[in-house]
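Student: Just dropping this structure here.
No value in this document is a laboratory result; all are computed from the given coordinates. Remember, it's a predicted structure, so these values are computed and weren't measured experimentally. Please note: Cβ atoms are built from the backbone with ideal geometry, for glycine as well, and neighbour counts cover all protein chains shown.
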Amino acid sequence: MVAAGADLVRTRPLRELLTRPRSVAVWLPTGVAAAAFVLLFASPVGTLVHDWLHEDDANYGLLLFPVALWLAWREGLLADAYPDTRSGSFVIAGAVLIRLLGSIASEFFTQRFSIWLAILGIVVFCFGWRQARHWWLALTILLLAIPLPALLINSLAIPLQFRASSLGTLLIKWRHIPVRTEGNVIQIPNATLFVAEACSGLRSLSALVALGVLLSGMYLRTVTARVLLVLLVVPIAILLNGVRIFLTAFLVYFVDPELANGLAHERQGLAMFVVAFAALGAVTAVAHLIEARLSRRTQAHA
């Protein structure tokens, strides 16, 4: 298997852990540790799964969680992975402390983050930090499956709404539609459009960031290219939601005011989300080609 840096890395399939014979001396502490994990983290895991199933802003986690497991399975175990019980114990202890503090403060994100931190600690405890770095993409995707805290969502919502509204207004003026905008309220002759959080790009931003990280980790090789791809997620989300606002106003003004609500409006949002995915894929493909060309040029001059 080839690592991100194009260096050959010897790995072994993860299924070896499941097929390897174990003694009672190994299974007993493993079972106790598993029971302790369930006892400590059952509540935040339950609320997290509930949000994945029932919250529109969080249901992308239903996809990210199995993707993270698949990535870890695909990458396998390093052939020379070695346990780091001391560091792993410190990380696990920190996860337990954060879990307890989050419970006292009734703060869901902190409690859910402690789940991820405990998983990282278990990986380090059993296989060491090199294995954790080898699984960096799977661990990052797993972290991104945790919904953002409400405080951060609220601080991001208004700026994204205003920027999407401003862009949508410019496009509306470009089509010579009379328009007046006050904050996130857009007024055209036959309707008043309110740019809600769902239309600001915030709802799709977390999923798009996760997709950007996934594409960059799987297809790009340099840190610079990966960071640039992820940073492009925000302007892409704002641009496409500005276009969505413009299309809504265009249809409302020229076709039917009812198109600003209901199923038609939801379909516009879904279409924009698909276009955003395609845009990220196209940017990734271009970045991959540039990387390949630069790599060949470097090798030719070596």
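Student: Which trypsin sites (Lys or Arg not before Pro) in region 79-184 pass both tests, a DSSP loop state and at most 12 other beta-carbon atoms within 10 Å?
Tutor: Arg175
Student: Which whole-number percentage describes the relative contact order of the chain, with Cα contacts under 8 Å and a sequence gap of 6 or more?
Tutor: In percent, rounded to a whole number, it is 16.
Student: How do Trp73, Trp116, Trp135 line up, fewest other C-beta atoms within 10 Å first?
Tutor: Trp73, Trp116, Trp135
Student: Would you calculate, for the chain, the mean residue ellipticity at 222 nm contributed by helices, counting each DSSP H stretch of 4 or more residues as -39,500 (n - 2.57) and dividing by all residues, to the nearest 500?
Tutor: Estimated from H runs of four or more residues: -24500 deg cm²/dmol.
Student: Could you order the peptides 217-230, 138-151 from most to least packed, using the average number of other C-beta atoms within 10 Å per residue?
Tutor: 138-151, 217-230
Student: Treating the Cα atoms of region 11-147 as identical point scatterers in vacuum, please give the log10 of the normalised Debye intensity I(q)/I(0) at q = 0.20 Å⁻¹, two decimals.
Tutor: Each listed q corresponds, in turn, to -1.33.
Student: What is the Cα coordinate range of the chain on the first, second and third principal axes, sorted by size from largest, in whole angstrom?
Tutor: 76, 60, 27
Student: Also, I was wondering about something else. If the only charges are +1 at each Lys and Arg Cβ and -1 at each Asp and Glu Cβ, what is the size of the charge dipole of region 151-300 around the Cα centre, to the nearest 20 debye?
Tutor: 660
Student: Hey, another quick one. Using the Cα centre of region 151-300 as origin and beta-carbon charges of +1 (Lys, Arg) and -1 (Asp, Glu), tell me which of Leu247, Gln299, Val234 is placed farthest towards the positive end of the dipole.
Tutor: Checking the options against the dipole of region 151-300, the answer is Gln299.
Student: Mind putting a number on the dipole of region 18-151 about its Cα centre? Charges go on the C-beta only, +1 for Lys and Arg and -1 for Asp and Glu, and I need it in Debye to the nearest 20.
Tutor: Here the size comes out at about 560 debye.
Student: Using unit Cβ charges (K, R positive; D, E negative) and no other charged atoms, how large, in debye to the nearest 20, is the dipole of the chain about its Cα centre?
Tutor: 1020
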